[in-house]
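Report on one structure; see the data block that follows.
The values are calculated or read from the model by the stated rules, or taken from the named source; none is laboratory data. Please read all numbers here as calculations on a predicted model, not as lab measurements. For neighbour counting, all protein chains shown are included, and Cβ atoms are generated from backbone atoms with ideal geometry for every residue, glycine included. In case anyone asks, the SASA skips ligands and DNA or RNA and just uses the protein heavy atoms, side chains included. Shrake-Rupley method; radii C 1.70, N 1.55, O 1.52, S 1.80 Å.
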Amino acid sequence: PLSNLDAKLRVQMRTEIKELHERLKTTTVYVTHDQVEAMTMADKIVVMHDGIVEQIGAPLELYDRPGNMFVAGFIGSPSMNFVRGKLASNGTGSVFTSDAGLVLPVARAPAASEGKPVVLGVRPEHLTAVGDGSPVNVVVVEPMGSETQIVAKTGNQELICLFRDRVMPSPGDTIKVNCNPNLVHLFDPDSGKTLAA
């Protein structure tokens, strides 16, 4: 119902609908393709794909613990980065290495997964620009005031980064990125389902 409104009016109407829902205390079924509307307005979200229920849960539950790659990519804006690669042990824990050379730490690797192909999912806002990370080449820089969105590449793999700090590289620069190992997700490359540790 809000898709034809401009951005400012859409935010205002979301607030009014949420207030109305709180006041009336009724069950409301709200159908939307806009995941921001779903996240901000729902107590419970049912994510559907091709007529199949993919996952049901509270907004932050779907954000923090997506059941598969479809849900992980649908919830969150900008959407989650997906990178194909393999897991390995580095003596102190597990690391993910992509075919393009991206290396990121992993906190909870599934049993007997070393050397097996996986898809790593990491949200743009969970990447940080640090001196000891994995090098990536900056392609586009989009300063948005409170945050900076950067499109970077490592080999042919594109990575969206959303930095809260005032990071201002220029296109063509190389920066190093890392992430909190507890905030990465691992998926089966064939089924797309989340791999449990």
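What the table shows:
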quantity: Cα-based equivalent ellipsoid, the chain: semi-axes from gyration tensor eigenvalues, Å; calculated: 33, 23, 13
quantity: Table column - 3J(HN,Hα) (Hz), region 170-177, Karplus curve with 6.51, -1.76, 1.60, x for Gly and Pro; calculated: 9, x, x, 6, 10, 10, 10, 10
quantity: 10 Å Cβ shell holding at most 16 others, DSSP loop, trypsin sites (Lys or Arg not before Pro): longest site-free stretch of the chain; calculated: 45-107
quantity: Lysine-lysine proximity count for the chain, Cα under 18 Å, sequence distance 8 or more or distinct chains; calculated: 7
quantity: Accessible solvent surface per residue of region 61-103, calculated while the other protein chains remain in place, 1.4 angstrom probe, Å²; calculated: 45 Å²
quantity: Value at 222 nm in deg cm²/dmol, rounded to 500, when DSSP H runs of n ≥ 4 in the chain each add -39,500 (n - 2.57); calculated: -5500 deg cm²/dmol
quantity: Distance (nanometres) between label positions extended 7 Å along Cα→Cβ at residue 61 and residue 89; calculated: 3.5 nm
quantity: Vicinal HN-Hα couplings computed from phi for region 97-103 (Karplus, 6.51 cos²θ - 1.76 cosθ + 1.60; Hz; Gly/Pro x); calculated: 10, 8, 5, 8, x, 6, 10
quantity: Label point at residue 16 placed 7 Å out along Cα→Cβ; residues across region 22-40 whose backbone nitrogen lies under 17 Å; calculated: 22-24
quantity: Accessible area, probe 1.4 Å, largest first, for residues 39, 168, 80; calculated: 168, 39, 80
quantity: Label zone at residue 7, where the point sits 7 Å out along the Cα-to-Cβ direction: region 121-158 residues whose backbone N lies under 20 Å; calculated: 124-125, 140-151
quantity: Extension gain (nm, one decimal) between residue 32 and residue 77, 0.36 nm per residue minus Cα-Cα; calculated: 14.7 nm
quantity: Calculated from backbone phi, Karplus (6.51, -1.76, 1.60) coupling profile of region 23-37 in Hz, x at Gly/Pro; calculated: 6, 7, 6, 10, 7, 10, 9, 10, 9, 8, 9, 8, 5, 5, 4
